[in-house]
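These notes concern the structure reproduced below.
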Amino acid sequence: MTDEQDKPRFCALPLERRVGWILLRCPKCGRETHTDRQPTDYMEAIRIEVTCPDCDTGDFSEMMQFDEDGRHITRDPDETPNAE
Ligand SMILES: [Zn+2]
């Protein structure tokens with residue numbers, strides 16, 4: 001059984017900045033890699049910080065997304081970037 005099919009979609013948002021890859025960085029060891037951008041990623045996010053498997057001690061660490069100015073993106077995923 002899975003509930004993966006019920007994830008929200010963001011089809012209405014502009015595509016140009018969402019395509020391609022996004023930087024994935026481990027905040028603990030600093031390892032960086034690139035990963036395919038997911039539909040659930042913030043459209044303005046250029047970097048995701050998440051603990052890599054080597055540093056993961058079993059805690060379910062939170063994934064944080066940052067924009068090009070290095071700001072942690074905390075808005076509601078359903079809002080557009082300029083909604084405020
Ligand atoms: Zn790491």
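The values are calculated or read from the model by the stated rules, or taken from the named source; none is laboratory data. Treat the numbers as computed from the prediction; the structure is a model and nothing was measured. Cβ atoms come from the backbone with ideal geometry, glycine included; neighbour counts cover every protein chain shown.
Overview of values
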{"quantity": "Qualifying residue in region 16-24 (condition: within 16 Å of the ligand (Cβ to nearest atom), part of a strand (DSSP E or B) and at pLDDT 55 or above)", "calculated": "yes"}
{"quantity": "Cross-chain or 6+ apart pairs with Cβ under 6 Å, region 41-69 first and acidic (D, E), then within 13 Å of the ligand (Cβ to nearest atom)", "calculated": "E49/R25; E49/P27"}
{"quantity": "In region 26-46, residue modelled with the lowest pLDDT [restricted to those that are under 23 Å from R75 (Cα atoms) and surrounded by fewer than 17 Cβ atoms within 10 Å (Cβ to Cβ)]", "calculated": "P39"}
{"quantity": "Residue list for region 50-77, restricted to those being near the ligand (Cβ under 10 Å from one of its atoms) and either of a type in the set (V, I, T) or not in a loop (DSSP other than H, G, I, E, B) (or both)", "calculated": "V50, T51"}
